Every structure is written in structure tokens, then in C-alpha cells.
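In what follows, a structure is listed as C-alpha cells, so that the remarks can point back to it.
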Amino acid sequence: MQALPINSLNSSATVSSICDTVTKIARQHGMDENEIKRFIEPKEVIRLRLSPRLSDGQVHHLSAWIVRHSDTLGPAKGGIRMAANVDESIISALAMEMTLKTALIDVPFGGGKAGIRVDPHQLSPDDKQVIIRSFTNLARRHIGPEVYIPAPDMGTGEKEMGYIKDSIAYGEGHATTRGCFVTGKPVVLGGIPGRHDATGAGVVTTLQCIAERMGLHLDRQRVVIQGFGNVGAVVANELIKHGATVVGISDVSGAIANPNGLDMQVVNTYFKEHQQLSGCPAGCGIDPEQLLVMDCDVLIPAAIGGVIDASVATNIKASIIAEAANGPTLSEADAILQQRGIVVIPDILCNAGGVFVSYLEYTQETQRDQWTLSDVQQRLAQRMCQRFDTVWQTATAPQRLREAAMGLAIEHLHQGLISRGLLT
Ligand code: GLU
């Protein structure tokens, strides 16, 4: 059983590896070759060239992509990634992952993704705004409640989603959009309470579920988290509330560890002040390469894809891996983890809380309704537990959750294809 390796060095190998995995599982689930082809190839790939003039006075030429991988079950849904290394195949692979994720978490969306090739860390807030507005202007006809609905992903957040809504609404001479064109917006602009924390909260719910199933106590788990962005920071702070001990954490600036547990208050205060973890006095600085193989019970990759390769997999000490990032485990590593009896909560289940709450935001905006934070938290916890239980019951062993999750998603898509009939 192969994992979804996103961001690995060879992106064409990445995509073919995903396709092989999906093809294998699709065949096992009785899909014929035509159905498999319609599922494997993205339905639509749009390449854009942005030419914004930035604050240095120069025009910058940036490549961007929108991939609508599948709309069998509904409009394509997925975030906009801003990173220096995105390309068409990575965005396509991530879009396919969204198709599986929305099918598994059972929301009426397909899968899509957008990418803008630029390093967001090198941009001023104003330049970032200019780029996202330039993207929106060019992408305008490909974005809509029935076509593709963007959301935050790596390098973008609620601010950018607010600018997208503003560009589209005012571009049409209206104060607001007709329906939901983008999710993950600031609450004041029609976003939903709890969307910011939703992915991290969903990760923690899957950990609570697995702990219960495996007879473990979250408050006795020693946890390592790679990444301190929107997802990693929420997971770390939530887990502390459940009594777990965070023994190691990292961001792009470096990694820190403390075998007795990091004081998250110190970490949060330091991060707020310095915008980085490196130098934080809550722990000792360690080699970020060593973080993933540190002594711990639970490992949570919550940053980029492709970080667990064969050698990391051989040396991991954790007995549970919760894939908060998209595609953190390479296929070669997945086989090793399985052999070693390490239980992996697969990304399409583990981090699906974000897109589930995006769906709630979509319904809120469509119905011109207002949801409370507790409504959102309750619906999110309920859905994550329900889908976790289904995956757990379907899996032939705790080490085979990925296979079960992907099988369920593919089966759901198969039903969608059949129900739409020949013209899909
Ligand atoms: N970027 C997030 C993901 O990878 C959220 C997508 C969404 O809400 O549409 O799941």
C-alpha cells in the first residue's frame, strides 16, 4: 500500500506513484479502466501567468495553476498554495488528494487546488496582497460556488481569502458575492467561527479516537510536532489541554526539544514576539533532521510533504503517526512503517477537519445564516469521529488505515460516477 508523496524531489514520480496507488485500489473496488482514467487524470488544468508590479517598482512574472481534479461529487474544493517549489504536477497531486479527502469526509465537493510559485516568506504583506489580487483577477472565471472554491493552504491564510472575496465582490460592483466563492475568510467577512483552528482540532479528534480504540491515554503521550503554522500550533496547544506532553517541535527556523515537556506558554509568547521558534528558551535547539526520529509516542508531521522517507521510517520511535500535513509519508516509507507495526492516521482522514468546516462555511454563506463556534465544534467532532470509526472498522488491521480510507473514498467516488451516468 503506497502513501501519497507530495513535494518529493521528483514531482513526476510523485504523481505516478499516487496514480499507481489509486489505480490499484480502484481495481480492487471494481472500477473499470474508463472510470479509472476519468478519475486519475485531472478534469481541468489551468495555467496562469501573473505579472504584478511589486513594491520594488518591478513587474514580476509568476506562474500559477488551478487544477480541478474532479467534480463528480460537487464543485472542486481545495486551498491555494503559495510556495517557491510548486509546479503543475504537485498541484495536480494535491488536487487528487482533495478529491479523496472530500469523498472520505463525505461533503458534496470534488477536489481542486491552486498554486502560485513564489516564496511567501520573501514578500511584504502589501506585495502578498498585490499577488493574490492579481491571481484573483486572472482566475476569476474559474472560481465560483459551482466551479472551484479556494481556501487557505500553505503560504496563504484568512487575510488572503478576504482579499479574494473583496476582489470578486467589488469587481462585480457588489458589496458581497452571490454565494460562497471562497472559504477560510475572516469571520467579519462571512467566514465561520472555528475555521482557523479546524484542521488542528480535527487532528486532535482523530488522536482521541485512536487512543480510545487502542486503549491509550492522551495525557500519557509524549508528542513531537513538525511545523508550527496554522495546523501545528493549534495541535500543540490543544494536546497540552488534553494533558499530553509536547517534547519536540519545529518550524522553518529550527527545532527545539525538551524531554520533560516544552512549556507551551513560553513557546507561544516567544513565537508571538520573534515569529520563529529558533532560540526559544523552552527547550534546547536540535537538528531539525533529528526531530522526526526523536524518542516519543506520537509523531505529528504538520508541515510539508515527503518528509518521512525510508531512512526516517526505519528510525522513527513513535508508535502512532498522525498525518496533519498533506502527503508527509513517501510510499517506500509507508511499507516500512507497516512492517514495523507503526499505526498511521492517514492525511485524507487526519487533516480533513479544515475542508469539513469549509463546507459548513459554504452552507452558512449560501443560506445567509450565522453559525456559532460551539455549533461548528460539535459538528466537526461528530463528523471526524464518525468517519474515523468507519475507517477503523473497514481496516483489516490498525496498520492499514490508509488503505481503508482510500478504499472508502474511491468507493464513494465510484458510486458518484455510476450515479451521474455516461455523460460525466
Ligand atoms: N488546504 C486545506 C486542505 O488541504 C483546506 C482546503 C479547503 O478547506 O478547501 O485540506
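Here are the numbers for this structure:
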{"quantity": "Separation of alpha-carbon centers, the range 362-424 and the range 133-212, rounded to whole Å", "calculated": "19 Å"}
{"quantity": "In sequence order, calculated HN-Hα J values of the range 222-238 (Karplus, 6.51, -1.76, 1.60; Hz; x Gly/Pro)", "calculated": "9, 10, 10, 10, 9, x, 10, x, 3, 8, x, 5, 5, 4, 4, 5, 5"}
{"quantity": "Footprinting exposure proxy for 134, 63, 311 (fewest neighbouring C-beta atoms within 10 Å first)", "calculated": "311, 63, 134"}
{"quantity": "Semi-axes of the equivalent ellipsoid for the chain, Cα gyration tensor, largest first, Å", "calculated": "30, 27, 21"}
{"quantity": "Residue-span extension gain [residue 178 to residue 55] - 0.36 nm each, minus C-alpha spacing", "calculated": "41.0 nm"}
{"quantity": "Residues whose placed amide H lies under 5 Å from that of residue 246, excluding near-sequence neighbours", "calculated": "223, 262"}
{"quantity": "Antiparallel %, DSSP beta bridges [both residues in the chain], to 5", "calculated": "50 percent"}
{"quantity": "Neighbourhood charge, 12 Å Cβ-Cβ cut-off, centred on residue 226 and excluding it, Lys, Arg +1 and Asp, Glu -1", "calculated": "-3"}
{"quantity": "Mean-position separation - Cα centroids, the range 222-241 and the range 252-304, in angstrom", "calculated": "10 Å"}
{"quantity": "Residues 149, 300 arranged by fewest to most Cβ contacts within 10 Å", "calculated": "149, 300"}
{"quantity": "Kirkwood Rh and Cα Rg combined as Rg over Rh, evaluated for the range 172-327", "calculated": "1.04"}
{"quantity": "Kirkwood hydrodynamic radius (C-alpha pairs) into Stokes-Einstein, the range 330-400, 4 °C and 1.567 mPa s, D in µm²/s", "calculated": "91 µm²/s"}
{"quantity": "Value of [θ]222 nm, deg cm²/dmol, for the chain, DSSP H segments ≥ 4, -39500 (n - 2.57) each, nearest 500", "calculated": "-14500 deg cm²/dmol"}
{"quantity": "Amide H contacts under 5 Å for residue 345, placed H, 5+ residues apart", "calculated": "321, 322, 323"}
{"quantity": "Ascending count of other beta-carbon atoms within 10 Å, so fewest first, for 252, 298, 188", "calculated": "188, 252, 298"}
{"quantity": "Cα point-scatterer Debye curve for the range 299-424, base-10 log of I(q)/I(0) at q = 0.21 Å⁻¹", "calculated": "-1.18"}
{"quantity": "For the range 307-360 versus the range 26-41, the gap between their alpha-carbon centres in whole angstrom", "calculated": "25 Å"}
{"quantity": "Selected from 177, 99, 269 as most flexible by GNM, with the chain as the system and alpha-carbon contacts under 10 Å", "calculated": "269"}
{"quantity": "Relative frequency of Cα-Cα separations exceeding 17 Å in the range 85-148, percent", "calculated": "55 percent"}
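Read-outs: derived from the displayed coordinates by stated rules, not from any lab. All values derive from a computational prediction rather than experimental measurement. With ideal geometry, Cβ positions are generated from the backbone for all residues, glycine too; neighbour counts draw on all protein chains shown.
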